[in-house]
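The values are calculated or read from the model by the stated rules, or taken from the named source; none is laboratory data. Computed from a predicted model, the values in this text were never measured in an experiment. All Cβ positions, even for glycine, are placed from backbone atoms using ideal geometry, and neighbour counts span all protein chains on display.
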Amino acid sequence: MENVKNPFLVTGYLSPEYFCDREKETERIISAMDNNRNITLLSLRRMGKTGLIKNVFYYLKKERPFRLLYVDIMATNNMAELVRELGNAVIREEKERSANFLNKLITFLSGIRAKVVFNDITGMPEIEVDYRMPQEAEKGLAALFDYLESQKVKYVVAIDEFQQIVNYAEKNVEALLRSSVQQLTNVNFIFSGSNKHLLMSMFSDYGRPFYQSSDFMFLDRLDQEVYADFILKQFVRFRRTIDKELVLEVLRNYDTYTFYTQFMFNRIFETGVNNITRDLVEHVKENIMLEREYVYYNYRNLLTDNQFNLLRALAKENGFEKYMSKDFLAKYKLGQASSVQRSIKALLDKEMIYEEKGCYKVYDVFFSKWLSV
């Protein structure tokens, strides 16, 4: 057993022992990479996309001579920052795997017109780009892909929150990236993101550059029975006991939402109690609500009355499909349907709610539980 104090990870990835299921999804992504197909991975935020990618990387690293790059571009705003993040991913991988890292680094940096700086906190090398014109960033990106293509080993590049490129200051990023990607024979991509509608549009709308350029995979909730057995196994490994029905009750209560379920069991495990009871679970739940209460009250000040009242209504109903029905509007005193429509749009834009199979739900499951009290 690895030196792990708490088996319910809420950040990072350790090994398959601490990663639940996703066996078919892992096999499918690996097969796509083996057969030179790109894949687009879509799911809600915090449903386990990054964990799945790291699980795929675990097996690719173990079983194949691939080089693996993971980069989250949510915080990037333009092409230069994209080049910087991808370049840093290359440096991390080369440093770990390459015997002649320094020679390769010099060649790589000269190609993308960047220099190395050292992070003040971590002390790790990072690249710094200072492109004065958009064309320089384009040349830097082209040089980066040329570098990957020229290597003797295959690269798999996972770009998380890929839809962010739509918000870049430059207007031709989709077309530019697609033009570069389609030329590569030694590099395959996993494009992932949590904005389902935008990513679907990018890859399935005729006329957009990435139209039909990759496979699709939708990451749904884990099977409750499978997830419950995984959770029980973790407790048994550490000589703790919990009734399976209680585990299933927690799963149902948190909508089998990966992050919130993991967080709950992380906190339950943290108590050190060997025999977990329903009372203990309720105690942990109440503590989490109290810890976050200040943030949730602050939401009340940031939202309009209509928006906050709609959030509360959706939480109390645990999601609601026919939010325009007269009964729903009257029950929660939400006013006119047109006002609710505006609130729905505003809350979707703020990513405080999401739509799933025609049903609107509060994104933060803990917030939803707090609202429903």
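Pick from the range 232-254 the residues that are touching a Leu at 6+ places or on another chain (Cβ under 8 Å) and not basic (Lys, Arg): which of them is surrounded by the fewest Cβ atoms within 10 Å (Cβ to Cβ)?
So, considering only residues that are touching a Leu at 6+ places or on another chain (Cβ under 8 Å) and not basic (Lys, Arg), the one surrounded by the fewest Cβ atoms within 10 Å (Cβ to Cβ) is 247.
For the range 123-137, give me each residue that is surrounded by fewer than 21 Cβ atoms within 10 Å (Cβ to Cβ) and part of a helix (DSSP H, G or I).
134, 135, 136
Do we have any residue at all in the range 92-107 that's within 17 Å of the chain's Cα centre (by Cα), in a helix (DSSP H, G or I) and outside the structural domain of residue 255 (by TED's automatic domain parsing)?
Our first condition is that a residue be within 17 Å of the chain's Cα centre (by Cα); within the range 92-107, this holds for none.
Scanning the range 92-107 turns up no residue that is within 17 Å of the chain's Cα centre (by Cα), in a helix (DSSP H, G or I) and outside the structural domain of residue 255 (by TED's automatic domain parsing).
For the range 196-229, which positions are closer than 13 Å to residue 20 by Cβ and crowded, with 17+ Cβ neighbours inside 10 Å?
219, 221, 222, 227, 228
The rows are residues; the columns are (1) at pLDDT below 95; (2) under 18 Å from residue 158 (Cα atoms); (3) out of contact with any strand residue (DSSP E or B) (no Cβ under 7 Å at 6 or more places or on another chain).
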residue: 197; (1), (2), (3): yes, no, yes
residue: 214; (1), (2), (3): no, yes, no
residue: 223; (1), (2), (3): no, no, yes
residue: 234; (1), (2), (3): no, no, yes
residue: 242; (1), (2), (3): no, no, no
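Looking only at the range 43-52, decide whether some residue is among the hydroxyl-bearing types (Ser, Thr, Tyr), in contact with a helix residue (DSSP H, G or I) (Cβ under 8 Å, 6 or more places away or on another chain) and not in a loop (DSSP other than H, G, I, E, B).
No, because not a single residue in the range 43-52 is among the hydroxyl-bearing types (Ser, Thr, Tyr), in contact with a helix residue (DSSP H, G or I) (Cβ under 8 Å, 6 or more places away or on another chain) and not in a loop (DSSP other than H, G, I, E, B).
Being part of a helix (DSSP H, G or I) and either without any contact (Cβ under 8 Å) to a residue 24 or more places away in the chain or in contact with a Phe, Trp or Tyr (Cβ under 8 Å, 6 or more places away or on another chain) (or both) is the filter here, so list the residues in the range 229-248 that pass it.
Hits for the range 229-248 are 229, 231, 232, 233, 234, 235, 236, 244, 245, 247.
Any idea which residue in the range 303-353 is nearest to residue 43 (Cα to Cα), counting only those that are in a loop (DSSP other than H, G, I, E, B) and in contact with a helix residue (DSSP H, G or I) (Cβ under 6 Å, 6 or more places away or on another chain)?
324
All but one of (1) under 20 Å from residue 356 (Cβ atoms); (2) in the same structural domain as residue 46 (by TED's automatic domain parsing); (3) not in a helix (DSSP H, G or I) hold for residue 207; state the number of the condition that does not hold.
That leaves (1) as the condition not met.
For the range 101-108, indicate whether the set of residues that are surrounded by 19 or more Cβ atoms within 10 Å (Cβ to Cβ), touching a helix residue (DSSP H, G or I) at 6+ places or on another chain (Cβ under 9 Å) and closer than 26 Å to residue 164 by Cα is non-empty. I'd like the intermediate steps shown before the answer.
We begin by selecting, within the range 101-108, every residue surrounded by 19 or more Cβ atoms within 10 Å (Cβ to Cβ); these are 108.
Narrowing further to those that are touching a helix residue (DSSP H, G or I) at 6+ places or on another chain (Cβ under 9 Å): 108.
When the remaining residues are screened for being closer than 26 Å to residue 164 by Cα, the result is 108.
Within the range 101-108 (the criterion being surrounded by 19 or more Cβ atoms within 10 Å (Cβ to Cβ), touching a helix residue (DSSP H, G or I) at 6+ places or on another chain (Cβ under 9 Å) and closer than 26 Å to residue 164 by Cα), the answer is yes, since at least one residue qualifies.
Can residue 81 be described as in contact with a Lys or Arg (Cβ under 6 Å, 6 or more places away or on another chain), modelled with pLDDT of 80 or more and at negative phi? Outline the logic, then answer.
Values: in contact with a Lys or Arg (Cβ under 6 Å, 6 or more places away or on another chain): no; modelled with pLDDT of 80 or more: yes; at negative phi: yes.
Judged against the criteria, residue 81 is not a match.
Only one residue in 128, 161 is out of contact with any Gly (no Cβ under 8 Å at 6 or more places or on another chain) and in contact (Cβ under 8 Å) with a residue 12 or more places away in the chain. Which one?
Going through 128, 161 in turn, just one is out of contact with any Gly (no Cβ under 8 Å at 6 or more places or on another chain) and in contact (Cβ under 8 Å) with a residue 12 or more places away in the chain: 128.
For the range 152-195, give me each residue that is in contact with a strand residue (DSSP E or B) (Cβ under 7 Å, 6 or more places away or on another chain), crowded, with 21+ Cβ neighbours inside 10 Å and assigned to a helix (DSSP H, G or I).
162, 163
Just name the residue that is surrounded by the most Cβ atoms within 10 Å (Cβ to Cβ) out of those in the range 48-65 that are hydroxyl-bearing (Ser, Thr, Tyr) and free of Cβ contacts under 8 Å to residues at least 60 places away in the same chain.
58
Do we have residue 82 as assigned by TED's automatic domain parsing to the domain that holds residue 170, in contact with a strand residue (DSSP E or B) (Cβ under 6 Å, 6 or more places away or on another chain), closer than 29 Å to residue 117 by Cα and crowded, with 16+ Cβ neighbours inside 10 Å here?
no
Is it true that residue 151 is in contact (Cβ under 8 Å) with a residue 60 or more places away in the chain and among the polar types (S, T, N, Q)?
For residue 151, the condition - in contact (Cβ under 8 Å) with a residue 60 or more places away in the chain and among the polar types (S, T, N, Q) - is met.
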